[in-house]
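Any read-out appearing in this document is the output of simple, stated calculations on the displayed coordinates, not a laboratory observation. Owing to the predicted nature of the structure, the values given are computational and were not obtained by experimental measurement. Cβ sites come from the backbone with ideal geometry, for glycine too, and all protein chains shown count toward neighbours.
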Amino acid sequence: MNVKCPVCGVAELIHGTRDLPHTYKGETTVIPAVTADFCPACDESITDMAETERVMREMQAFNKQVNAATHASDEEDADLQRFMDEALADLEAELVDLSKADQECVAQALLSPPPPSPALERAFERRTRTLDDLLAMQGNEPLAIDREWDVMPAAGREQAQSPDPDP
Ligand SMILES: [Zn+2]
């Protein structure tokens, strides 16, 4: 399935592995073999967590090299380190939010399942009858149908228990 670029929304992302150019203080390097979803319209590359970390480490290493070559102060290095740490923390927080949202979706689906279809109700009745037969064979009382309906979702229970047509 193709996904539109989340940055520009113009083009669909193309998954692939490419060398990514990186420029710092006018110096350019290439980060080799970056696997990402690339946008052909705006040149955005969307990497996964592991690849993002690798790319950032490579960028950081290169920036340090440039700084060393240009005799940048330790303070500047510390700034860079902070910037990278914050960017990574943001990314991690985003990923956590995403998985939380997923969990909520699942919880929501469990709390409000779709109303039972006639086919599902028939299957449910069949299952109840089979269960009753089984219990009868073992000399037990058949289950009251009402008790079985209790495990049905609310929507199904209403349909099943109101014989009156809608006013
Ligand atoms: Zn784009």
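Quick rundown of the values:
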read-out	value
Dipole of the range 1-85, positive direction: furthest Cα of Ala78, Ile31, Asn67, with charges on the beta-carbon	Ile31
The range 1-85 - charge dipole about Cα centre, Lys and Arg +1 at Cβ, Asp and Glu -1, debye rounded to 20	200
Protection proxy ranking of 3-9, 42-48 - average other beta-carbon atoms within 10 Å, highest first	42-48, 3-9
³J(HN,Hα), Karplus 6.51/-1.76/1.60, whole Hz, each residue of the range 60-70, x for Gly, Pro	4, 4, 5, 4, 4, 4, 4, 4, 4, 5, 9
Nonlocal amide H pairs with Ile14, under 5 Å, H built at 1.01 Å	Phe38, Cys39
Net +/- balance of residues flanking Phe62 in space, Cβ distance below 11 Å, scoring K and R +1, D and E -1	+1
Residues with amide H under 5 Å from that of His22, placed H, sequence gap 5 or more	Thr29, Val30, Ile31
